[in-house]
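Okay, structure first, notes after.
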Amino acid sequence: MTTISVQSSSRIRRESILPYALWSAQALLALTFLVAGSSKFLMSSQDLTKDIDLPVAFLRFIGVCEVFGAFGLVLPGLLRIRRGLTPIAACGLVIIMIGATVVTIVSMGIAPALLPLVVGLIAAFVAYARWPWLSE
């Protein structure tokens, strides 16, 4: 009987912490991608391609995707409209972070690639936890 109450109490605590963890992760990711995406528009073409051998237009496109992804992480939940867009935005950002990790490994090595890898894992956590079939 005691074990059941401990397990129930543990589940209640975990379920009450999860929304806060998700919103914190979403807010941090949104801020990260908003800064990263907007910086791709503010930097000059020379500065943007200084460390990476990718076309400027492609990098600016990635910036647009990052900004829209940042909005997609928080606006559906805040406005309570089309909440299913949040995991889709998170999945798109995971794809971007996979590409960023690969490009960073090729151009700079493994150690600097840990940052985009961790950001991608956090985005994957948000995508998984916010997926609609989990709430059924």
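Computed from the coordinates by the stated procedures, all read-outs in this text should not be read as laboratory data. Please read these numbers as outputs of a predicted model, since none were measured by experiment. Here the Cβ is made from the backbone with ideal geometry for all residues, glycine too, and neighbour counts use every protein chain on show.
Sort MET108, MET43, MET97 so that the residue with the fewest other Cβ atoms within 10 Å of its own Cβ comes first and the one with the most comes last.
Sorted ascending by nearby Cβ count, the order is MET108, MET43, MET97.
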| query | Fewest to most neighbouring Cβ within 10 Å: what's the order for THR32, THR49, THR86? | reply | THR49, THR32, THR86
| request: Compute the semi-axes of the equivalent ellipsoid of the stretch 2-135, taking the square root of 5 times each eigenvalue of the Cα gyration tensor, and list them largest first in whole Å. | output: 34, 17, 11
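Taking neighbour counts of Cβ atoms within 10 Å as a proxy for exposure, in what order, fewest first, do LEU34, LEU93 appear?
Values: LEU34 17, LEU93 29.
Fewest-to-most ranking of LEU34, LEU93: LEU34, LEU93.
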| Quick one: if you stick a label point 7 Å off each Cα along the C-beta vector at VAL118 and LEU28, how many nm between them? | 0.8 nm
